[in-house]
Each structure stands twice: as structure tokens, then as C-alpha cells.
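Novice: Quick one: the structure is below, and I'll ask about it shortly.
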């Protein structure tokens, strides 16, 4: 193949890869899923606190992806698009690295087909459009293997081109970085050691004078990744997710081989029979390859096994097996995320079969050489086009996928961007408290215009902004308005009808508060006024309602407290309402805040509904109901003027049944 043609094709494939990975990042898939939001909290932590050796959120995360994303946010801003752009960049660089590695091992034609598959097929495309750390691993694996090959180059008379030390150093750095990306990377050092053992047995002369270089290679990897592993050794509970997903290893340690055998069978047959069954990373059960490509894959695999004495073939076989091992031992298999490290080599096998078959056919029917090559190109393009459609036309559009990514929040964000005249808003959603902040974090990343919505869960809370302007409320269907707020908020029937006609905000109910000041007076009038008591200079109690004089044991106390925000909180807060016996001991409680304190405004009024379940065995007697605030981070209470961190709401009698 002429050099100029190869350059043109590589540039064209790279352009396609870039377009497929950066177009409409916010909308395909629609919104951010939970794992992406967990990663976003890690990026915020890096920007707030500096470098972090390991993230314990979400069951445990290696640190590299979040640190790179932090740099991206510093350079181009904080948003859902720039967050996913980090993954897209890893994916694009992974396509280039896959081409570079394959070209070195098998030549330009196999490399071009491999590169095209990495650029367009379903699995690499899916992971390159999600802000997850997993996509960084194939890039660093390809670079690590390429550097080792260049340093040793078992099939060249000039390994390293006189600079093997440089390549050993580069490989050591990329191996260390690979280990900081995803748990599946921990198999990679063993794959590399297996390849070195293979060379020592079958190509012994190639390792002469390489031992110092290999020491540098693995030494740099240990130097970079060692601190993280030392931290994990000292804090084994920090890696809960890894322990959950590698459950079959424990079964193997206990002598149970059957689960491991079943896991191996499922993983090995994912290429042709049944792929990942979860919609997180696949069209459920869709095999990794369509049938024609799967046949080519197994033919290429057979070809590689036949030529196993050639180091290039042995290397890709070892990398394939090593990439499949995490999927085999995972408690959820087959899993495309756990087997992500097959990406640098998995497309090499069908490419080997296709190029080898085309060359054989061209030699046999020389006159039809161009026709044969044209047919190969057409078949490859059909495969690539089908996988692009599978991603954009099927997976991202299926309700099973959309429900994982919060499309309702994205829909509201686009609606608010298209209607800049809407300014004062409050949004009711489930994920607005310290323990479940995902809805407000998602909107914070998705919304491109500058707004400060109030966030609350309308099922058991209501916030009234301190403003003279009307306020528009958006109640999501999974956080509907409590009936108790009905007298305060009028339904915007015209807007709801217009939204229905336009097919927008289908999962929201819109209500408008025309006079917030009047609503505040009405709310306070419905409660028993409390002596104003300020907590930590942040919030003051204004009233309470619903507390009765006596209850039976086993009943539930329902009451409402009303508060005024005195200033915006900069740290998370929790409100508590506790039932205490006559000894001051805790009997029952409600510790939760369904109004986001970092989004309320000075002077806002908010009401909270509480439910305290009286134990069935609560002895008859007099009990106290108290309320207060504390930090869920430190556990410290916000102090009042009395310095006891709580306010007395009432005294009740509990009677036995």
C-alpha cells in the first residue's frame, strides 16, 4: 500500500473516530448515569482538595481518570460535555494507539482494519462516550505493550533502534498509569511476564542485555502505582467494589470450581452467543460480534494459534487471554466493562483472517484482485455502519438505557435553555439530599445557562424563595407535590397543556407561585409559631404543626416544621427530629433534609414533613420531641443560643396498647 494512501486512510478513520466521540455528548446517551456522577464528585474533590491517591466513593475508584478530568475542567470549564470529553479523548487516543501497536506487529492493512473497528464499533464507542475510568485502560495497555515491543522487538534485527532504554522507560511509565485506571489492569503485569517467559523459552537470544531495561520498566511501574497499592493494603475496606465484582475468586479459594468454569464459559462465548446482559454497557445479550465477524474472529484466532511461535501472534494471544480473565472471575459475567482490556487486540483477529483470506483469494484469482479487495472494504463498511446505528439508533434510544441516564433532567435543562425568560424556579426531585445528591449534581453539569434553582423533594418538603417575583415549580413524577402544599401552589394548566402538546417535560408537572410573600404568610399562619431559635447562624425555626398530645405505642408521629434560611450553606447539613424519653434517651428519630441547603437563598422559607415511628415496646409515659441540625461530615451539631444544639417542639404522652 502506498504510504500516501495509508496516511489518507488513517486521517480519515481518525476524523470519523473524533466525530463519533464528540458529537452530541450531552444527549447520547441522554443525561449522566450514577457512575458518571460518582466520578464527578471525585473530580470536584481533586479541584477542592488537591491530588488524591484513591477514591473511596462508589465502592472504590482508581485515581487517574478523575485527575485528568480535573485538568480538562480547569482548561475548558465544568460541564457534562467537558466531563465526557475526557473519556472521548482517551477513546480517540486509544484508537491511535491501537493502530500504532497493530501496525508494528502485523503491518498496515491489518492495522487499518483494526483502527477502523476501534473507531466505529459498538463497545469502544459506548465507553468513549461515558465519563467512566474504564476507557483509559486500553490506551495505556496499547502504549505499554508497544513500548516493550520496541525495546525488545523479537522480530527485528535492531530492537529499540539503538534506544531500548528510552522505550523501557516509556513502557514503565505507561504500565504504572494503566494500573491507576481500572482493576482489570492488574492482570496486565502477569501477561507481560508471561510473554517474557515465552521469549526466554522460545526466543532466548532476544532477552540478552535486556535485564536492566526490564528492571527499569517494572521499577517505574511500581514507583508510579505503588503508593495506591500501599494505601489499599492499609485500607482494604476502601476497595469494596473490587471485592464485590471478584466474588468468584473467593469461591475458587474455597475449592468451588464450578462457578469459575461457568464464568469462563460465559466469557469465552460472549463473542458469538450471548454478550453482556446488562443495559449499562450493551444492548442486553447482544454478542460482541455479529455472526459473520465472529466467524472471522475465530478464524483469526485459529491462525494466531497456528503461528504461536511467532512472537507477535503469541503476544496478541496472551493479551486476549489476559483481557478476558477479569470477566471470567467477575460475579457478573460476561461483562464488557470487566473485559475492556481486550480492545487493543480483539479486532486484530478478524482483521488477520480477513486480510489473510483476501490475499489468498487474490493470489488464487489474480484477475479479480480488485473486486475481492472491494468486497472486503464493502463488508467492513457494512459492519461498521451497523454498529454505529446499534449505538446511536438503538442503545441510546431504548427506555432501558434512558432510565439509567436521567433523561428527564436533560429534558428540563434543554427546556430552561430554550426559555431564557424563565428565571425563578424550584425543582422537585428525589436526589437532593446529602446521601442522594445525584439529581441536583446532574442538573448542575447539564444546564448550560447560569441559574440558581431551588431544589427540594416535594413529597415531604416545600421551599418558598424570598422574592417578589412569581416562582415556577417543576415537580418530577417521581417526586410529586404533597397534598398539603395544594392550597399554596396553583397548577399552571395552560403551561402543562402546552408542554403536553409539544411533547416536552412529559414527566413534570408545572405549578406557579404568583405571590411568594403571601404564600409564606399563609404557610406560617397554618403552624404554631415557635420562639425563633437560630442554628449556627444558618437557619432559624419559625413554626411547627401536626404534633398531637398523645399517641399509642407503635403509632407514627407526623409533624411539620417550618424554617427560614438565614444564609446560604457552604457545607452539607442534616435536620433531625428526635423523640426522647424522660431520661433524655433517644427513642425514635427522623434525620434527613430534602431541601438542598447549598441552593437555598437568604430569607427563603421551607417546610419539612417528618415521620417518627414509635416503637411497639415503648413504655407508657411522657416523652419530648426535639429538633436540630448537624453536619453529616463531622457529626457536629449547629449550636443555638442555648448551646445545646436542639429546640424543644413539644411534650407528648405515649399510651400502651
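The values are calculated or read from the model by the stated rules, or taken from the named source; none is laboratory data. Worth saying up front: this structure is predicted, and the values here are computed from it rather than measured. Note that each Cβ is placed from the backbone with ideal geometry, even for glycine, and that neighbours are counted across all protein chains shown.
Novice: Residue check, residue 447 against (1) crowded, with 18+ Cβ neighbours inside 10 Å; (2) out of contact with any strand residue (DSSP E or B) (no Cβ under 6 Å at 6 or more places or on another chain); (3) within 18 Å of residue 572 (Cβ to Cβ), all met but one. Which one?
Specialist: That leaves (3) as the condition not met.
Novice: Oh, and also: Hey, can you tell me all the residues within segment 590-636 that are more than 32 Å from the chain's Cα centre (by Cα) and over 27 Å from residue 520 (Cα atoms)?
Specialist: Correct list: 613, 614, 615, 616, 617, 618, 619, 620, 621, 622, 623, 624.
Novice: In segment 618-657, which residues are surrounded by fewer than 16 Cβ atoms within 10 Å (Cβ to Cβ) and within 22 Å of residue 435 (Cα to Cα)?
Specialist: Result: 632, 633, 634, 635, 636.
Novice: Which is over 23 Å from residue 352 (Cα atoms) and crowded, with 22+ Cβ neighbours inside 10 Å, of 49, 36?
Specialist: Residue meeting the stated conditions: 36.
Novice: Here is a follow-up. Sort through 131, 136 and tell me the only one that's in a helix (DSSP H, G or I), within 30 Å of residue 32 (Cβ to Cβ), assigned by TED's automatic domain parsing to the domain that holds residue 99 and under 33 Å from the mean Cα position of the chain (by Cα). Spell out how you get there, then give the answer.
Specialist: Numbers: 131 fails: in a helix (DSSP H, G or I).
Only one candidate passes the filter, namely 136.
Novice: Return yes when residue 361 is surrounded by fewer than 24 Cβ atoms within 10 Å (Cβ to Cβ), over 44 Å from the mean Cα position of the chain (by Cα), in the same structural domain as residue 178 (by TED's automatic domain parsing) and farther than 17 Å from residue 274 by Cα and no when it is not.
Specialist: The answer is yes for residue 361.
Novice: Still on this structure, I have one more. Looking only at helices (runs of 4 or more DSSP H) that lie completely in segment 386-490, which have at least 1 residues being more than 30 Å from residue 117 (Cβ to Cβ)?
Specialist: Working: elements: 399-402, 407-418, 438-446.
Result: 407-418, 438-446.
Novice: If you don't mind, there's one more thing I want to ask. Would you point out the residue of segment 49-64, among those that are in a helix (DSSP H, G or I) and more than 13 Å from the chain's Cα centre (by Cα), that is modelled with the highest pLDDT? Reasoning before the result, please.
Specialist: The first filter runs over segment 49-64 and keeps only residues in a helix (DSSP H, G or I), leaving 49, 57-59, 64.
Now drop any that are not more than 13 Å from the chain's Cα centre (by Cα), which leaves 49, 64.
Values: 49: 95, 64: 98.
Among them, the one singled out is 64.
Rundown of residues vs (1) in contact (Cβ under 8 Å) with a residue 60 or more places away in the chain; (2) in the same structural domain as residue 511 (by TED's automatic domain parsing); (3) crowded, with 20+ Cβ neighbours inside 10 Å, yes/no style:
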{"position": "366", "(1), (2), (3)": "no, no, no"}
{"position": "371", "(1), (2), (3)": "no, no, no"}
{"position": "382", "(1), (2), (3)": "no, no, no"}
{"position": "395", "(1), (2), (3)": "yes, no, yes"}
{"position": "412", "(1), (2), (3)": "yes, yes, yes"}
{"position": "416", "(1), (2), (3)": "no, yes, yes"}
{"position": "422", "(1), (2), (3)": "no, yes, no"}
{"position": "434", "(1), (2), (3)": "yes, yes, no"}
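Novice: Looking only at strands (runs of 3 or more DSSP E) that lie completely in segment 517-566, which have at least 2 residues being surrounded by 16 or more Cβ atoms within 10 Å (Cβ to Cβ)?
Specialist: Where strands (runs of 3 or more DSSP E) fall fully within segment 517-566 and carry at least 2 residues being surrounded by 16 or more Cβ atoms within 10 Å (Cβ to Cβ), they are 528-535, 539-545, 556-565.
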